[in-house]
Amino acid sequence: MHKGKGMKFVGDSRVSAERKSQIPKDYSEYPGRTEAFWPNFLLKEWLVGAVFLVGFLCLTLAHPSPLEGMADPTNASYIPLPDWYFLFLYELLKYEFASGPYVLLGILAIPGLAFGSLLLAPFLDNGPGRRPHQRPIAVIMMILALASTIWLTYASAEHVNWEERAEMNKPVPPSDVEIDMEHAGYEVYSNNCLQCHGDALQGGAAAPTLIGIEHSAEEVADIARNGFNTMPPNMFTGSDEELEQLVDFIMSTNEQAAE
């Protein structure tokens, strides 16, 4: 507006001539179909989330996850396993259609389709109803995903004794026993056993300690030849005389530790 020139008006066809109210309609006009986000909907979500969180925390306190020993890159016999919430993917790779030449299907295609379909579920089933029977597509997809995850996790976990694995691979404190390196059996031990059982018989992630064992000399000789638990047979490749020296070295070290 300029002085003496009057006032000019500019019209814009994009602006509707009919002004609509900015106040949304009352929820009573849509019975059973909608509700206020705050506090009705959000409060329900928080309450459900709090119940699941408290239940999960109680479960972790009642059944803590067993911890294993330090990682040992020299132990080729150790089979690492993922945490429990990834076990279903680990189990999936055991099937022929998701392993070997089809491993890309197991690690990319199948999980990608499964999780992608869950993301698309709200768009595939966008009906106005909120009850399960009114959302059949989304409910069926969720049930299939949940059932598959539970079954694959169970199938993988039932073959694993977590407590035994943790006991076998738990960290072993250093021994105060003085190792007699002049003993004839120490060289035999160094050539056959030191890599797994440690330089002081303390054990490690690959094998248990040899200090404080309750086996007799005959049992130790048999274990050296034939293996025991996760120890495979024929780990000892020496002669009978060297085996006697090895057994005598282990038993004498244990006698010293018992004193």
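The values are calculated or read from the model by the stated rules, or taken from the named source; none is laboratory data. Note that the coordinates shown come from a computational prediction; the quantities given were computed from them, not determined experimentally. Cβ coordinates were reconstructed from backbone atoms using ideal geometry, including for glycine residues, and neighbour counts include every protein chain displayed.
Checked against (1) within 30 Å of residue 64 (Cα to Cα); (2) at pLDDT 80 or above, residue 112 passes all but condition (1). Pairing residues of the range 221-238 that are over 13 Å from residue 208 (Cβ atoms) with residues that are part of a loop (DSSP other than H, G, I, E, B) and modelled with pLDDT of 85 or more, at Cβ distances under 9 Å and at least 6 apart in sequence or on separate chains, gives no pairs at all. Does residue 97 satisfy the criteria of being surrounded by fewer than 15 Cβ atoms within 10 Å (Cβ to Cβ), modelled with pLDDT of 85 or more and within 30 Å of residue 203 (Cα to Cα)? So residue 97 fails the test.
The helices (runs of 4 or more DSSP H) falling completely within the range 42-152 include none with 3 or more residues that are within 30 Å of residue 194 (Cα to Cα), under 21 Å from the mean Cα position of the chain (by Cα) and of a type in the set (D, E, K, R).
Residue-wise test of (1) more than 37 Å from the chain's Cα centre (by Cα); (2) of a type outside the set (Lys, Arg); (3) buried (at least 17 other Cβ atoms within 10 Å of the Cβ); (4) outside any helix (DSSP H, G or I).
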position: 182; (1), (2), (3), (4): yes, yes, no, yes
position: 189; (1), (2), (3), (4): no, yes, yes, no
position: 195; (1), (2), (3), (4): no, yes, no, no
position: 201; (1), (2), (3), (4): no, yes, yes, yes
position: 212; (1), (2), (3), (4): no, yes, no, yes
position: 215; (1), (2), (3), (4): no, yes, no, yes
position: 221; (1), (2), (3), (4): yes, yes, yes, no
position: 237; (1), (2), (3), (4): yes, yes, no, yes
position: 245; (1), (2), (3), (4): yes, yes, yes, no
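Scanning the range 188-227 for residues that are modelled with pLDDT under 80 and of a type in the set (Gly, Ala, Ser) gives 198, 200, 203, 204, 205, 206, 207, 212.
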